[in-house]
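The values are calculated or read from the model by the stated rules, or taken from the named source; none is laboratory data. Please read these numbers as outputs of a predicted model, since none were measured by experiment. Positions of Cβ are generated from backbone atoms using ideal geometry, with glycine treated the same way; all protein chains shown enter the neighbour counts. Remember, those area values only see protein heavy atoms, side chains included, never the ligands or the DNA or RNA. Shrake-Rupley method; radii C 1.70, N 1.55, O 1.52, S 1.80 Å.
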Amino acid sequence: QVHLVESGGGLVQAGGSLRLSCAASGSIVFSITTMGWYRQAPGKQRELVATINSGGSTNYADSVKGRFTIYRNNANTVYLQMHSLKPEDTAVYFCNIPRGDFWGQGTQVTVSS
């Protein structure tokens, strides 16, 4: 079993920054697995924000390129640094491990205009 816990969400004004964290635990070798962030806004489908693989290669949604950075430590935590936040970034952000389709409970990010 794998357990993912997100933190770092909150309310921020447009143009501000937040850093999300996802701490993973359980029966998986995190250093060799891809991890990612998704988000879901009210009334919309869940969408990919960013992923990072075991080699450190990253992939971003076009809407966040140049503003968000995904990175991971050498253990079991993946981060999403978000700058220049916009009201349209408002959503619940979820951590994901595609291998096994594991999800965290989500953390709310609200950007006010």
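For segment 77-94, the count of residues that are among the small types (G, A, S), surrounded by fewer than 15 Cβ atoms within 10 Å (Cβ to Cβ), at pLDDT below 95 and part of a loop (DSSP other than H, G, I, E, B) is zero.
Set side by side, the residues V64, V78, V12, V49 differ, and just one is within 10 Å of the chain's Cα centre (by Cα) and under 24 Å from S113 (Cα atoms), which is V49. Go through the residues of segment 50-70 one by one and say whether even a single one is within 23 Å of Q13 (Cα to Cα), part of a strand (DSSP E or B) and among the acidic types (D, E). No: zero hits. All conditions in (1) touching a residue at least 24 places away in the same chain (Cβ under 8 Å); (2) open to solvent by 20 Å² or more (accessible area, probe 1.4 Å); (3) out of contact with any Pro (no Cβ under 8 Å at 6 or more places or on another chain) hold for V64, with the sole exception of (2).
State whether the residues of segment 23-36 include one that is over 14 Å from the mean Cα position of the chain (by Cα), more than 18 Å from F102 (Cα to Cα) and either modelled with pLDDT under 90 or open to solvent by 40 Å² or more (accessible area, probe 1.4 Å) (or both). Explain how you work it out, then say what you get.
First, pick out the residues of segment 23-36 that are over 14 Å from the mean Cα position of the chain (by Cα): 25-33.
Pick out the ones that are also more than 18 Å from F102 (Cα to Cα) and you get none.
Looking for residues that are over 14 Å from the mean Cα position of the chain (by Cα), more than 18 Å from F102 (Cα to Cα) and either modelled with pLDDT under 90 or open to solvent by 40 Å² or more (accessible area, probe 1.4 Å) (or both), one finds none in segment 23-36, hence no.
Only residues that are closer than 20 Å to G16 by Cα and surrounded by 19 or more Cβ atoms within 10 Å (Cβ to Cβ): list them for segment 95-113, please. T107, V109, V111 - these are the residues of segment 95-113 that are closer than 20 Å to G16 by Cα and surrounded by 19 or more Cβ atoms within 10 Å (Cβ to Cβ). Restricted to segment 47-61, and to residues that are buried (at least 19 other Cβ atoms within 10 Å of the Cβ) and of a type outside the set (S, T, N, Q), which residue is modelled with the lowest pLDDT? Here the residue is I52. Applying a threshold of 6 Å to beta carbon distances and a minimum spacing of six or more residues, or different chains, the list of pairs starting in segment 67-81 at a residue that is under 19 Å from S17 (Cβ atoms) and ending at one that is assigned to a loop (DSSP other than H, G, I, E, B) reads R67/H83; R67/S84.
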